[in-house]
Amino acid sequence: MLIYASLAFLSCAFIWYAQTVRCTKRQQQLLWAVAFVLMWLPAAVRLDIGVDYSRFQGYSELYTIYGSGGSIPQGMDIGFVLLIRVLWSISTSPQLLFAVSSAFIYLLMLRACKRLSIHPTFTLALFFVAGFYFETYNIIRQWMALACIFNALEWIDPSAFVQHACTEQSAATDKNNALEQPYRALGYFARYTVWVVVAASFHASALIFLLVWPLYFLKLNARRAVVLLAVLLAVGYVAKNVSKILLAATRYAYYLSDSATGYAAVSPHWDSIIVMSICLAFMLWQLRGKQKLSRWDNALLLLSVLGCASAVAGLYMPFIFERIARYFAPFVVLQLPVAVMKEKSLNKRYAYILAIMACWLLATFIRVYFGGQFGVLPFQSIFLHA
(Lines give C-alpha, C1' and ligand atoms only; values in the text may rest on other atoms or scores of the structure.)
Protein backbone atom coordinates (compact mmCIF):
# COMPACT_ATOMS: atom_id res chain seq x y z
CA MET A 1 0.00 0.00 0.00
CA LEU A 2 2.99 2.26 0.65
CA ILE A 3 3.79 2.25 -3.06
CA TYR A 4 0.35 3.58 -3.99
CA ALA A 5 0.32 6.16 -1.19
CA SER A 6 3.78 7.43 -2.15
CA LEU A 7 3.04 7.79 -5.85
CA ALA A 8 -0.28 9.51 -5.09
CA PHE A 9 1.33 12.01 -2.72
CA LEU A 10 4.27 12.76 -5.00
CA SER A 11 2.14 13.06 -8.15
CA CYS A 12 -0.21 15.52 -6.43
CA ALA A 13 2.76 17.43 -4.98
CA PHE A 14 4.30 17.94 -8.42
CA ILE A 15 0.97 19.09 -9.88
CA TRP A 16 0.41 21.44 -6.93
CA TYR A 17 3.86 22.94 -7.42
CA ALA A 18 3.27 23.37 -11.16
CA GLN A 19 -0.05 25.14 -10.52
CA THR A 20 0.80 27.37 -7.55
CA VAL A 21 4.51 28.25 -7.75
CA ARG A 22 5.77 30.67 -10.38
CA CYS A 23 7.30 28.44 -13.04
CA THR A 24 8.17 28.79 -16.70
CA LYS A 25 5.97 26.92 -19.15
CA ARG A 26 8.78 24.43 -19.74
CA GLN A 27 9.15 23.80 -16.01
CA GLN A 28 5.40 23.25 -15.67
CA GLN A 29 5.47 20.73 -18.51
CA LEU A 30 8.36 18.92 -16.84
CA LEU A 31 6.48 18.73 -13.52
CA TRP A 32 3.39 17.32 -15.24
CA ALA A 33 5.62 14.81 -17.05
CA VAL A 34 7.14 13.67 -13.75
CA ALA A 35 3.65 13.23 -12.27
CA PHE A 36 2.72 11.09 -15.28
CA VAL A 37 5.78 8.86 -14.88
CA LEU A 38 5.02 8.35 -11.18
CA MET A 39 1.47 7.24 -12.03
CA TRP A 40 2.46 5.14 -15.01
CA LEU A 41 5.51 3.20 -13.85
CA PRO A 42 3.84 0.96 -11.20
CA ALA A 43 0.96 0.21 -13.57
CA ALA A 44 3.31 -0.59 -16.45
CA VAL A 45 5.34 -3.15 -14.50
CA ARG A 46 2.51 -4.72 -12.48
CA LEU A 47 2.30 -8.48 -12.37
CA ASP A 48 -0.64 -10.73 -11.50
CA ILE A 49 -2.77 -8.05 -9.83
CA GLY A 50 -6.13 -6.73 -10.93
CA VAL A 51 -9.30 -8.75 -11.33
CA ASP A 52 -10.73 -8.00 -14.79
CA TYR A 53 -11.59 -11.11 -16.82
CA SER A 54 -11.70 -12.90 -13.44
CA ARG A 55 -7.92 -13.02 -13.36
CA PHE A 56 -4.88 -11.03 -14.42
CA GLN A 57 -3.83 -13.65 -16.95
CA GLY A 58 -7.00 -13.07 -18.98
CA TYR A 59 -5.37 -10.11 -20.68
CA SER A 60 -2.22 -12.11 -21.37
CA GLU A 61 -4.34 -14.76 -23.08
CA LEU A 62 -6.20 -12.13 -25.10
CA TYR A 63 -2.90 -10.63 -26.18
CA THR A 64 -1.64 -13.98 -27.45
CA ILE A 65 -4.92 -14.93 -29.15
CA TYR A 66 -5.46 -11.68 -31.04
CA GLY A 67 -1.77 -10.99 -31.58
CA SER A 68 -1.39 -14.31 -33.39
CA GLY A 69 -4.42 -13.57 -35.59
CA GLY A 70 -7.08 -15.48 -33.66
CA SER A 71 -10.27 -14.34 -31.95
CA ILE A 72 -12.64 -15.27 -29.13
CA PRO A 73 -16.30 -16.31 -29.65
CA GLN A 74 -17.80 -13.26 -27.93
CA GLY A 75 -15.66 -10.90 -29.97
CA MET A 76 -13.68 -7.83 -28.98
CA ASP A 77 -13.90 -4.12 -29.77
CA ILE A 78 -11.95 -3.21 -32.89
CA GLY A 79 -9.76 -0.53 -31.32
CA PHE A 80 -8.45 -2.92 -28.68
CA VAL A 81 -7.85 -5.63 -31.29
CA LEU A 82 -5.89 -3.23 -33.50
CA LEU A 83 -3.85 -2.07 -30.52
CA ILE A 84 -2.94 -5.66 -29.64
CA ARG A 85 -1.93 -6.49 -33.22
CA VAL A 86 0.25 -3.40 -33.53
CA LEU A 87 1.94 -4.15 -30.21
CA TRP A 88 2.36 -7.83 -31.13
CA SER A 89 4.43 -6.73 -34.13
CA ILE A 90 6.79 -5.06 -31.65
CA SER A 91 6.87 -7.68 -28.89
CA THR A 92 5.04 -10.88 -28.01
CA SER A 93 5.23 -10.00 -24.31
CA PRO A 94 1.81 -9.03 -22.90
CA GLN A 95 3.61 -6.67 -20.52
CA LEU A 96 3.79 -4.23 -23.42
CA LEU A 97 -0.02 -4.11 -23.48
CA PHE A 98 -0.13 -3.10 -19.81
CA ALA A 99 2.54 -0.44 -20.33
CA VAL A 100 0.90 1.12 -23.39
CA SER A 101 -2.70 0.96 -22.13
CA SER A 102 -1.65 2.54 -18.82
CA ALA A 103 0.23 5.30 -20.63
CA PHE A 104 -2.82 5.96 -22.81
CA ILE A 105 -5.13 6.26 -19.80
CA TYR A 106 -2.91 8.44 -17.62
CA LEU A 107 -1.81 10.78 -20.41
CA LEU A 108 -5.41 11.49 -21.37
CA MET A 109 -6.57 11.78 -17.76
CA LEU A 110 -3.80 14.26 -16.95
CA ARG A 111 -4.65 16.18 -20.14
CA ALA A 112 -8.28 16.40 -19.02
CA CYS A 113 -7.20 17.33 -15.50
CA LYS A 114 -5.02 20.17 -16.77
CA ARG A 115 -7.51 21.52 -19.32
CA LEU A 116 -10.86 21.00 -17.61
CA SER A 117 -10.40 21.07 -13.84
CA ILE A 118 -10.88 24.24 -11.84
CA HIS A 119 -8.51 22.73 -9.23
CA PRO A 120 -6.14 20.17 -10.89
CA THR A 121 -4.44 19.11 -7.65
CA PHE A 122 -7.76 18.33 -5.97
CA THR A 123 -8.94 16.50 -9.09
CA LEU A 124 -5.84 14.31 -9.20
CA ALA A 125 -6.05 13.64 -5.45
CA LEU A 126 -9.66 12.48 -5.89
CA PHE A 127 -8.58 10.24 -8.76
CA PHE A 128 -6.37 8.40 -6.27
CA VAL A 129 -8.36 8.44 -3.02
CA ALA A 130 -11.69 7.57 -4.67
CA GLY A 131 -10.14 4.38 -6.06
CA PHE A 132 -10.28 5.31 -9.74
CA TYR A 133 -6.55 4.78 -10.11
CA PHE A 134 -7.08 1.23 -8.83
CA GLU A 135 -9.89 0.74 -11.34
CA THR A 136 -7.47 1.39 -14.21
CA TYR A 137 -5.66 -1.80 -13.17
CA ASN A 138 -8.87 -3.73 -13.74
CA ILE A 139 -11.44 -2.50 -16.26
CA ILE A 140 -8.71 -1.53 -18.71
CA ARG A 141 -10.80 -1.23 -21.88
CA GLN A 142 -13.51 0.77 -20.15
CA TRP A 143 -10.96 3.13 -18.64
CA MET A 144 -9.34 3.64 -22.03
CA ALA A 145 -12.82 4.63 -23.21
CA LEU A 146 -13.40 6.80 -20.13
CA ALA A 147 -10.14 8.68 -20.67
CA CYS A 148 -11.40 9.60 -24.15
CA ILE A 149 -14.81 10.65 -22.80
CA PHE A 150 -13.18 12.96 -20.25
CA ASN A 151 -11.48 14.77 -23.12
CA ALA A 152 -14.70 14.85 -25.13
CA LEU A 153 -16.28 16.96 -22.37
CA GLU A 154 -14.12 19.91 -23.38
CA TRP A 155 -16.28 20.37 -26.47
CA ILE A 156 -19.50 20.86 -24.54
CA ASP A 157 -18.40 24.45 -23.97
CA PRO A 158 -14.80 25.20 -25.01
CA SER A 159 -15.22 28.89 -24.17
CA ALA A 160 -15.39 27.93 -20.48
CA PHE A 161 -11.67 27.13 -20.47
CA VAL A 162 -8.78 29.53 -20.52
CA GLN A 163 -7.07 28.12 -23.56
CA HIS A 164 -10.19 28.75 -25.64
CA ALA A 165 -11.09 32.13 -24.16
CA CYS A 166 -8.61 34.03 -26.28
CA THR A 167 -9.92 32.36 -29.42
CA GLU A 168 -13.46 33.33 -28.52
CA GLN A 169 -12.52 36.93 -27.72
CA SER A 170 -10.40 37.44 -30.81
CA ALA A 171 -13.27 36.89 -33.26
CA ALA A 172 -13.67 39.75 -35.73
CA THR A 173 -16.94 41.21 -34.47
CA ASP A 174 -19.95 40.31 -32.36
CA LYS A 175 -21.96 40.15 -35.57
CA ASN A 176 -19.62 37.60 -37.10
CA ASN A 177 -19.71 35.62 -33.84
CA ALA A 178 -23.50 35.44 -34.02
CA LEU A 179 -23.43 34.34 -37.65
CA GLU A 180 -20.78 31.70 -36.99
CA GLN A 181 -22.40 30.28 -33.85
CA PRO A 182 -24.36 27.43 -35.54
CA TYR A 183 -21.26 26.34 -37.47
CA ARG A 184 -19.13 26.56 -34.35
CA ALA A 185 -21.64 24.44 -32.40
CA LEU A 186 -21.61 21.86 -35.19
CA GLY A 187 -17.82 21.79 -35.04
CA TYR A 188 -17.93 21.25 -31.28
CA PHE A 189 -20.30 18.32 -31.71
CA ALA A 190 -18.06 16.85 -34.43
CA ARG A 191 -15.03 16.95 -32.15
CA TYR A 192 -17.05 15.54 -29.25
CA THR A 193 -18.21 12.73 -31.55
CA VAL A 194 -14.67 11.91 -32.65
CA TRP A 195 -13.62 11.42 -29.02
CA VAL A 196 -16.69 9.26 -28.33
CA VAL A 197 -16.10 7.10 -31.42
CA VAL A 198 -12.47 6.54 -30.40
CA ALA A 199 -13.72 5.61 -26.92
CA ALA A 200 -16.25 3.19 -28.42
CA SER A 201 -13.47 1.48 -30.37
CA PHE A 202 -12.18 0.27 -26.99
CA HIS A 203 -15.56 -0.29 -25.31
CA ALA A 204 -18.70 -0.03 -27.45
CA SER A 205 -20.87 1.01 -24.50
CA ALA A 206 -19.20 4.45 -24.65
CA LEU A 207 -21.61 5.26 -27.50
CA ILE A 208 -24.19 6.14 -24.84
CA PHE A 209 -22.45 9.52 -24.63
CA LEU A 210 -23.78 10.37 -28.07
CA LEU A 211 -27.25 9.97 -26.55
CA VAL A 212 -26.23 12.18 -23.65
CA TRP A 213 -25.28 15.11 -25.92
CA PRO A 214 -28.84 16.53 -26.30
CA LEU A 215 -29.26 16.40 -22.52
CA TYR A 216 -26.44 18.91 -22.09
CA PHE A 217 -28.86 21.52 -23.45
CA LEU A 218 -31.31 21.03 -20.57
CA LYS A 219 -31.42 24.14 -18.40
CA LEU A 220 -30.83 22.77 -14.91
CA ASN A 221 -30.71 24.17 -11.42
CA ALA A 222 -30.87 22.42 -8.04
CA ARG A 223 -34.65 21.92 -8.08
CA ARG A 224 -34.82 20.80 -11.69
CA ALA A 225 -31.98 18.36 -11.08
CA VAL A 226 -33.99 16.65 -8.32
CA VAL A 227 -37.01 16.43 -10.64
CA LEU A 228 -34.83 15.01 -13.43
CA LEU A 229 -33.43 12.38 -11.04
CA ALA A 230 -36.94 11.27 -10.07
CA VAL A 231 -38.03 11.16 -13.72
CA LEU A 232 -35.02 9.08 -14.77
CA LEU A 233 -35.58 6.53 -11.98
CA ALA A 234 -39.29 6.27 -12.79
CA VAL A 235 -38.64 5.90 -16.53
CA GLY A 236 -36.01 3.24 -15.86
CA TYR A 237 -38.35 1.24 -13.64
CA VAL A 238 -41.21 1.43 -16.15
CA ALA A 239 -38.89 0.62 -19.06
CA LYS A 240 -37.64 -2.52 -17.34
CA ASN A 241 -41.14 -3.82 -16.63
CA VAL A 242 -42.42 -3.00 -20.11
CA SER A 243 -39.36 -4.64 -21.68
CA LYS A 244 -39.98 -7.72 -19.55
CA ILE A 245 -43.30 -8.14 -21.39
CA LEU A 246 -42.14 -7.15 -24.87
CA LEU A 247 -38.98 -9.26 -24.79
CA ALA A 248 -40.47 -12.28 -23.01
CA ALA A 249 -39.92 -14.55 -26.02
CA THR A 250 -36.35 -13.42 -26.72
CA ARG A 251 -32.96 -14.26 -25.25
CA TYR A 252 -32.91 -10.88 -23.51
CA ALA A 253 -35.76 -11.95 -21.22
CA TYR A 254 -33.22 -13.67 -18.97
CA TYR A 255 -31.67 -10.31 -18.04
CA LEU A 256 -35.07 -9.00 -16.93
CA SER A 257 -36.19 -12.06 -14.99
CA ASP A 258 -36.54 -11.84 -11.21
CA SER A 259 -34.97 -15.29 -10.92
CA ALA A 260 -31.86 -14.41 -12.93
CA THR A 261 -28.40 -15.01 -11.49
CA GLY A 262 -24.88 -13.66 -12.08
CA TYR A 263 -24.64 -10.60 -14.32
CA ALA A 264 -28.39 -10.73 -14.97
CA ALA A 265 -29.36 -10.65 -11.28
CA VAL A 266 -30.38 -7.52 -9.39
CA SER A 267 -27.42 -6.84 -7.11
CA PRO A 268 -27.20 -3.18 -6.03
CA HIS A 269 -23.85 -1.67 -5.04
CA TRP A 270 -24.80 0.08 -1.82
CA ASP A 271 -21.43 1.78 -1.52
CA SER A 272 -21.87 3.36 -4.97
CA ILE A 273 -25.45 4.38 -4.20
CA ILE A 274 -24.38 6.09 -0.98
CA VAL A 275 -21.33 7.95 -2.32
CA MET A 276 -23.01 9.06 -5.56
CA SER A 277 -26.05 10.31 -3.63
CA ILE A 278 -23.83 12.27 -1.24
CA CYS A 279 -21.84 13.79 -4.11
CA LEU A 280 -25.02 14.88 -5.89
CA ALA A 281 -26.46 16.27 -2.65
CA PHE A 282 -23.29 18.32 -2.09
CA MET A 283 -23.46 19.74 -5.62
CA LEU A 284 -27.12 20.62 -5.16
CA TRP A 285 -26.35 22.33 -1.85
CA GLN A 286 -23.56 24.40 -3.35
CA LEU A 287 -25.71 25.38 -6.35
CA ARG A 288 -28.79 26.19 -4.30
CA GLY A 289 -30.33 29.55 -5.08
CA LYS A 290 -28.72 29.72 -8.53
CA GLN A 291 -31.51 29.85 -11.11
CA LYS A 292 -29.18 29.90 -14.10
CA LEU A 293 -25.96 27.93 -14.44
CA SER A 294 -23.10 28.27 -16.89
CA ARG A 295 -23.03 25.70 -19.68
CA TRP A 296 -20.13 23.88 -18.01
CA ASP A 297 -21.69 23.83 -14.53
CA ASN A 298 -24.93 22.68 -16.13
CA ALA A 299 -23.16 19.78 -17.85
CA LEU A 300 -21.39 18.68 -14.66
CA LEU A 301 -24.67 18.79 -12.72
CA LEU A 302 -26.32 16.69 -15.43
CA LEU A 303 -23.54 14.10 -15.26
CA SER A 304 -23.89 14.02 -11.47
CA VAL A 305 -27.64 13.35 -11.80
CA LEU A 306 -26.98 10.60 -14.37
CA GLY A 307 -24.33 9.08 -12.09
CA CYS A 308 -26.65 9.02 -9.09
CA ALA A 309 -29.58 7.72 -11.17
CA SER A 310 -27.52 4.90 -12.72
CA ALA A 311 -26.24 3.86 -9.27
CA VAL A 312 -29.69 3.91 -7.64
CA ALA A 313 -31.13 2.06 -10.65
CA GLY A 314 -29.08 -0.91 -9.47
CA LEU A 315 -31.93 -1.51 -7.00
CA TYR A 316 -34.05 -2.88 -9.83
CA MET A 317 -31.81 -3.19 -12.90
CA PRO A 318 -29.66 -6.28 -13.68
CA PHE A 319 -26.11 -6.20 -12.35
CA ILE A 320 -24.65 -5.77 -15.86
CA PHE A 321 -26.24 -2.29 -15.87
CA GLU A 322 -23.57 -1.37 -13.34
CA ARG A 323 -21.17 -1.01 -16.28
CA ILE A 324 -23.10 2.12 -17.27
CA ALA A 325 -22.95 3.46 -13.72
CA ARG A 326 -19.17 3.10 -13.84
CA TYR A 327 -19.04 5.56 -16.73
CA PHE A 328 -20.60 8.37 -14.71
CA ALA A 329 -19.00 7.86 -11.28
CA PRO A 330 -15.48 9.11 -12.20
CA PHE A 331 -16.79 12.54 -13.20
CA VAL A 332 -16.86 13.41 -9.49
CA VAL A 333 -13.19 14.34 -9.92
CA LEU A 334 -14.39 17.35 -11.94
CA GLN A 335 -17.72 17.93 -10.18
CA LEU A 336 -16.55 18.14 -6.57
CA PRO A 337 -13.82 20.75 -7.21
CA VAL A 338 -16.38 22.95 -8.98
CA ALA A 339 -18.82 22.53 -6.08
CA VAL A 340 -16.12 23.36 -3.51
CA MET A 341 -14.98 26.46 -5.39
CA LYS A 342 -18.53 27.85 -5.29
CA GLU A 343 -17.88 28.47 -1.60
CA LYS A 344 -16.67 32.03 -1.03
CA SER A 345 -15.05 31.39 2.36
CA LEU A 346 -11.50 30.09 1.99
CA ASN A 347 -11.66 28.31 5.35
CA LYS A 348 -14.85 26.52 4.36
CA ARG A 349 -13.26 25.46 1.08
CA TYR A 350 -10.39 23.82 2.95
CA ALA A 351 -12.84 22.20 5.36
CA TYR A 352 -14.88 20.81 2.47
CA ILE A 353 -11.77 19.47 0.75
CA LEU A 354 -10.56 17.74 3.92
CA ALA A 355 -14.01 16.27 4.61
CA ILE A 356 -14.38 15.02 1.02
CA MET A 357 -10.91 13.46 1.02
CA ALA A 358 -11.55 11.78 4.39
CA CYS A 359 -14.89 10.34 3.27
CA TRP A 360 -13.50 9.00 0.01
CA LEU A 361 -10.49 7.50 1.78
CA LEU A 362 -12.84 5.69 4.15
CA ALA A 363 -14.99 4.42 1.27
CA THR A 364 -11.94 3.22 -0.66
CA PHE A 365 -10.45 1.60 2.46
CA ILE A 366 -13.68 -0.36 2.98
CA ARG A 367 -13.75 -1.43 -0.67
CA VAL A 368 -10.10 -2.52 -0.71
CA TYR A 369 -9.68 -4.18 2.69
CA PHE A 370 -13.15 -5.55 3.33
CA GLY A 371 -14.55 -5.95 -0.17
CA GLY A 372 -11.37 -6.89 -2.02
CA GLN A 373 -12.88 -4.90 -4.86
CA PHE A 374 -9.77 -3.82 -6.72
CA GLY A 375 -7.47 -6.83 -6.31
CA VAL A 376 -4.32 -4.71 -6.31
CA LEU A 377 -2.89 -5.54 -2.89
CA PRO A 378 -0.22 -6.42 -2.18
CA PHE A 379 1.53 -4.69 -5.09
CA GLN A 380 3.49 -7.05 -7.32
CA SER A 381 5.69 -6.23 -10.28
CA ILE A 382 7.85 -7.98 -12.83
CA PHE A 383 10.84 -6.91 -10.70
CA LEU A 384 9.67 -7.78 -7.20
CA HIS A 385 6.92 -9.44 -5.21
CA ALA A 386 5.84 -7.56 -2.09
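The values are calculated or read from the model by the stated rules, or taken from the named source; none is laboratory data. Computed from a predicted model, the values in this text were never measured in an experiment. Cβ sites come from the backbone with ideal geometry, for glycine too, and all protein chains shown count toward neighbours.
Structure data summary
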| read-out | value |
| --- | --- |
| Filter result (part of a helix (DSSP H, G or I), surrounded by fewer than 21 Cβ atoms within 10 Å (Cβ to Cβ) and aliphatic (A, V, I, L, M)) within region 266-311 | Ile273, Ile274, Ile278, Ala281, Leu284 |
| Matching entry among Ala248, Ala264, Ala206 (being touching a Leu at 6+ places or on another chain (Cβ under 9 Å) and at pLDDT 90 or above) | Ala206 |
| Residue among Trp360, Trp296 that alone is under 23 Å from Cys12 (Cβ atoms) and either in contact with a helix residue (DSSP H, G or I) (Cβ under 9 Å, 6 or more places away or on another chain) or modelled with pLDDT under 95 (or both) | Trp360 |
| Verdict on Tyr17 being over 23 Å from the mean Cα position of the chain (by Cα) and crowded, with 19+ Cβ neighbours inside 10 Å | no |
| Residues that are hydroxyl-bearing (Ser, Thr, Tyr) and surrounded by 13 or more Cβ atoms within 10 Å (Cβ to Cβ), drawn from region 345-360 | Tyr352 |
| Test: Val368 is more than 24 Å from Leu229 (Cα to Cα) and in contact with a Gly (Cβ under 7 Å, 6 or more places away or on another chain) | no |
| Answer from Phe98, Phe127, Phe122 - the residue that is outside the structural domain of Glu322 (by the TED database), closer than 26 Å to Glu61 by Cα and either of a type outside the set (Lys, Arg) or touching a strand residue (DSSP E or B) at 6+ places or on another chain (Cβ under 6 Å) (or both) | Phe98 |
